[in-house]
1. Which semi-axes, in whole Å and largest first, does the equivalent ellipsoid of the chain have when worked out from the alpha carbon gyration tensor as the square roots of 5 times its eigenvalues?
2. Tell me what the chain gives for mean residue ellipticity at 222 nm when only DSSP H runs of n ≥ 4 count, each as -39,500 (n - 2.57), the sum divided by the residue total, rounded to 500 deg cm²/dmol.
3. Take the chain, connect every pair of alpha-carbon atoms lying under 10 Å apart with a spring to form a Gaussian network, then pick out the residue of K28, K76, K59 with the largest mean-square fluctuation.
4. Given I54, Q68, Q84, which one lies farthest toward the positive end of the charge dipole of segment 27-84, if we put +1 on the Cβ of every Lys and Arg and -1 on the Cβ of every Asp and Glu?
5. On a 26 Å Cα-Cα criterion, which of the cross-link pairs K15/K105; K28/K76; K28/K59; K83/K105; K26/K83; K26/K59 come out too long?
6. When N is the residue count of segment 27-84, what does its C-alpha Rg come to as a fraction of 2.2 N^0.38 Å?
Amino acid sequence: MFGQDIVLDEETFEKAAEDFENLSNKLKNLRADIESMLDDIKAGFDTPAGVKFINSCEKNLLEPLDNQKLVIDHIKETLRISKQQYESVFSEYSALQNTINSVNK
């Protein structure tokens, strides 16, 4: 009655996990760059107001990056786990495909 193909692509799982790994690394590098800039700024803002400013920058810039990295890393790990869970499906599908191809020859 209703039909729809479900596609599981092993390479797509791996590519997506790699993309999220790259994104996680870029975010890590961005955080390090921002930290370095804030360290440079701290030297010129050695006053109570400057300390508040730096603390505000750290809270409003670094904390969201840390939270975003947690989400990205979680997605990456979920993709890797999903790929492992579907490993038997991928191998059985490949074997079925080979059987069908050999019968059709």
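1. That gives 51, 13, 9 Å for the three semi-axes.
2. So the calculated ellipticity at 222 nm is -28000 deg cm²/dmol.
3. Of K28, K76, K59, the Gaussian network model singles out K59 as fluctuating most.
4. Q84
5. Check vs 26 Å cut-off fails for K15/K105; K83/K105.
6. Compactness ratio reported: 1.54.
Here, each number is a calculation from the coordinates, and none is a lab measurement. It should be emphasised that the depicted structure is a prediction, and the values quoted were computed from it without experimental measurement. Backbone-built Cβ (ideal geometry, glycine too); neighbour counts: all protein chains shown.
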